[in-house]
1. Which residue, Ala104, Ala80, Ala23, has the most motion in a Gaussian network model of the chain that connects Cα atoms within less than 10 Å?
2. For Cα pairs less than 8 Å apart in space and 6+ apart in sequence, what is the mean separation divided by the residue count of the chain, i.e. the relative contact order in percent?
3. Under the definition of Cα pairs under 8 Å and six or more residues apart, what whole-number percent is the relative contact order of the range 1-65?
4. How much net charge surrounds Gly111 when only other residues with a Cβ under 13 Å from its Cβ are counted (Lys, Arg +1; Asp, Glu -1)?
5. Just Thr65, Thr78, Thr108 to compare: in a GNM of the chain, with alpha carbon springs under 10 Å, which one fluctuates most?
6. Counting other C-beta atoms within 10 Å, which of Arg47, Arg59 has the fewest, and how do the rest follow?
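Bear in mind that the values in this text are calculations on the coordinates, not laboratory data. All of these numbers come straight from a predicted model, not from anything done at the bench. Glycine gets a Cβ as well: all are built from the backbone with ideal geometry, and neighbour counts include every protein chain shown.
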Amino acid sequence: MTAWNPDDLHRVGRAIELQITSARPDGTLRPYVTIWAVQVGVDLYVRSAYGANNGWYRRAKASGTGRIRAGGVEQNVTFAEADADVHPAIDEAYHAKYDQYGPAIVGTVVGPQAAGVTLRVVPRAS
């Protein structure tokens, strides 16, 4: 796995919405889905707002690879597990970035239930 280019990470991390897709078994990409994402340190994270049964999340977990676009950046990515100790910082980042949209929606991506449906989005070579 490779590290984010700092400029790309900043641009993606500050974008309000991120479009995400996963690869099918034949390598083609599924349609993009718009979700929220946060930057914590030098990493980018996404969470499934409606649990493990959310379609984009299931497909991303199953395929392990895909593509994102946000902030003028398009990047092939790998979906990885998040380290357990980073979840409080991810919660803080979601609150800082999205609390303006109200507690009902932010509540779907923070807290213990969200930790289990978190993916670290790691850039990979095209």
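1. Ala104
2. Once divided by the residue count of the chain, the mean separation gives 32 percent.
3. Working: 73 pairs, mean separation 21.1, N = 65.
Across the range 1-65, relative contact order equals 32 percent.
4. Working: positive: Arg47; negative: Asp91, Glu92.
Around Gly111, the surrounding residues sum to -1.
5. Comparing Thr65, Thr78, Thr108 in the GNM, the peak value goes to Thr108.
6. So the residues, fewest neighbours to most, are Arg59, Arg47.
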